[in-house]
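These notes are about the structure you will find just below.
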Amino acid sequence: MTKKILLVLFILILGFTSGIVVSGQFLGSSDRIVSKNSMENVGAQSPVNIIPIASENTLPPNSVDDTRRNAIVRAAEKVSPAVVSLSVTQERVLQQRSMLDRFYSDFWGWYIPPRKYIQKVQSLGSGVIINTDGYILTNAHVVEDAKTIRVTLPRGDVYDGEVVGADKTYDLAVVKIEGDKLPYAELGDSDKLIIGEWAIAIGNPFGFLLEDTEPTVTAGVISAIHRDIKRDPNQVQIFKDMIQTDAAINPGNSGGPLVNSLGQVIGINTFIFTSSKGSEGIGFAIPINRAKAILSDLIEHGEVVKGWIGVYVQNITPLLAQSLDLPTTKGVIIAGIDDSSPAQQAGLHRGDIIAQVDGEDIRDDNDWDEVESLARPNKPIKLTIIRKGKQLNFTVKPVESVSALSTAKRDKFGLYIADITSAIARQLKIQSPSGVVVAKIDSHSEASSWGIEPGDIILQIGRLNISNSKDYFDIVDNVQKGDRLTFIIERNGGIFYMTVKY
């Protein structure tokens, strides 16, 4: 029995071994069929064309496969040479009063100017050259209080930059450099954006941390358009109709261009929403059409020359609409009109509902704020008004706002002085036309720490009365360094003395 079992096992082992040998021969045969020689033979004997796989060795030296040069690559190549790095040294004036100063001020009514401290801060940002004259578009907050600006191009050239114009409301600024054969970017049309189309953010995140002048490119899509950002109580900027994108925007990208797939600038990257202080795919850019609307003002006047309309509006709540028997809750209602203002001269009344401006619907007072910020002197505005249920059309021609007088002249202290015209008197509610008005103050000047404010009326210096700007400059031109000056100033209907040292 045992012999029979051993014999069966021997036969099984012998058969299994033979199977392995046969299989090995088959695999070896198959290997020969797909060998290099076999392929060459098949190619010679068969009409089938064999296409070799492309490799980098088949391309000319330093070339790139055209299939990799897509729209994003082409757009970045087109715009990147015009994207610059801005290294800004900011000088901020800090003001502080001592306890003794406050005592004299509160108890005796003396005006003691606050003590001035100069703080220097280094900051970084981006910008884009917009023409061959060397004008660079960026954000106002990038160059705010700038003492010096160093502009670096991707090719490594370094220039000294100068702010020629800025507007905090729009958060846009123009910097000028002097150079030859400067690259520049083409400005597109932000009114024709499509949600979902490519968006390319170009800039210099984290500045020179990587010691590289080449800008960084990130890509995404246009996530949304016409985004209105709610304002903080102390926020100067008005961010309306913003472009939202998920292209990564990081610190240092501010002021850089947002570009479409055609290589056209469609926006200026401004800020992000983030909980981690890094990009989370929610970035915002100022539409380039808004920038184009104010570029000439910034370059020619150094600021946006705003117009004054002379109305005060408020939102229409359901309760207000019910109590006043108003036909709609859309638009804004005129709560007040300045005497002799452009609005009054055009025929507007208190209680009128402003429904549209230049054919665009007015939803709330934020929309009206936008209208006022975009108003230009002597540029007519067409209003659609609802009055007692009837729709009426009016045309208002704004006049120059006192806060942006292009006729103002700078004195040696840094005050911009203008004569008081009838329009200015109406805006500031001044009863007497005597004196001169402070239109604005140079933030880097001696006068920036004196406590004088835009809109102040200077009635007298020392014992000398001032009737107009000629009187003012006749006095000021004779002031020497170290002299003390006593101004008599009218502000908000009150009159007070202010003594300063030049």
Any idea which residue in the range 293-307 is surrounded by the most Cβ atoms within 10 Å (Cβ to Cβ), counting only those that are under 23 Å from Thr395 (Cβ atoms) and modelled with pLDDT under 85? Val304
Being in contact with an Asp or Glu (Cβ under 6 Å, 6 or more places away or on another chain), under 30 Å from Ala140 (Cβ atoms) and touching a residue at least 60 places away in the same chain (Cβ under 8 Å) narrows it down to one residue among Val305, Val313, Val332; which is it? Val305
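Which residue, of Leu182, Leu137, Leu172, is aliphatic (A, V, I, L, M) and farther than 25 Å from Ala247 by Cβ?
Details: Leu137 fails: farther than 25 Å from Ala247 by Cβ; Leu172 fails: farther than 25 Å from Ala247 by Cβ.
Selected residue: Leu182, the only one of Leu182, Leu137, Leu172 that is aliphatic (A, V, I, L, M) and farther than 25 Å from Ala247 by Cβ.
Would you point out which residue out of Thr270, Thr245, Thr329 is within 25 Å of His226 (Cα to Cα), over 16 Å from the mean Cα position of the chain (by Cα) and of a type in the set (S, T, N, Q)? I'd like the intermediate steps shown before the answer.
Details: Thr270 fails: over 16 Å from the mean Cα position of the chain (by Cα); Thr245 fails: over 16 Å from the mean Cα position of the chain (by Cα).
Just a single option satisfies the conditions, and that option is Thr329.
A quick yes/no check of all residues on (1) in contact with a strand residue (DSSP E or B) (Cβ under 7 Å, 6 or more places away or on another chain); (2) farther than 20 Å from Thr317 by Cβ; (3) aromatic (Phe, Trp, Tyr); (4) surrounded by fewer than 17 Cβ atoms within 10 Å (Cβ to Cβ):
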| residue | (1), (2), (3), (4) |
| --- | --- |
| Gly331 | yes, no, no, no |
| Ile337 | yes, yes, no, no |
| Arg350 | yes, no, no, yes |
| Glu360 | no, yes, no, yes |
| Asp364 | yes, no, no, yes |
| Trp368 | yes, no, yes, no |
| Pro377 | yes, yes, no, no |
| Pro380 | yes, yes, no, yes |
| Ile386 | yes, no, no, no |
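Output the number of residues of the range 462-490 satisfying the condition of being of a type in the set (A, V, I, L, M) and within 14 Å of Phe413 (Cα to Cα). So that I can check it myself, show each step before the final result.
Filtering the range 462-490 down to residues of a type in the set (A, V, I, L, M) leaves 464, 466, 475-476, 479, 485, 488-489.
Going one step further and asking which of them are within 14 Å of Phe413 (Cα to Cα), we end up with 475-476, 479, 485.
The total comes to 4.
Quick check, is Ile136 of a type outside the set (Gly, Ala, Ser) and at pLDDT 95 or above? Let's see the steps before the verdict.
On the way: of a type outside the set (Gly, Ala, Ser): yes; at pLDDT 95 or above: yes.
Taking the combined requirement at face value, the residue satisfies it.
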Note on the range 277-292: residues over 16 Å from the mean Cα position of the chain (by Cα) and buried (at least 16 other Cβ atoms within 10 Å of the Cβ) are Ser279
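Kindly indicate which of Ser254, Ser261, Ser296 is assigned to a helix (DSSP H, G or I) and at negative phi.
Ser296 is the lone residue from the list that is assigned to a helix (DSSP H, G or I) and at negative phi.
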Hey, Gly220 closer than 30 Å to Asn366 by Cβ, over 18 Å from the mean Cα position of the chain (by Cα), in contact (Cβ under 8 Å) with a residue 24 or more places away in the chain and surrounded by fewer than 20 Cβ atoms within 10 Å (Cβ to Cβ) or not: yes
Any pair with Cβ under 6 angstrom, 6 or more apart, that starts in the range 242-258 at a residue that is in the same structural domain as Val221 (by TED's automatic domain parsing) and over 19 Å from Asn289 (Cβ atoms) and ends at one that is among the hydroxyl-bearing types (Ser, Thr, Tyr) and surrounded by fewer than 20 Cβ atoms within 10 Å (Cβ to Cβ): Asp246/Ser223
Give me a count of the residues in the range 264-289 that are modelled with pLDDT under 90 and outside any strand (DSSP E or B). 10
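The values are calculated or read from the model by the stated rules, or taken from the named source; none is laboratory data. As the structure is a prediction and not an experimental result, all values here were calculated from the model. Using ideal geometry, Cβ is built from the backbone for each residue, glycine included, and neighbour counts are taken over all protein chains shown.
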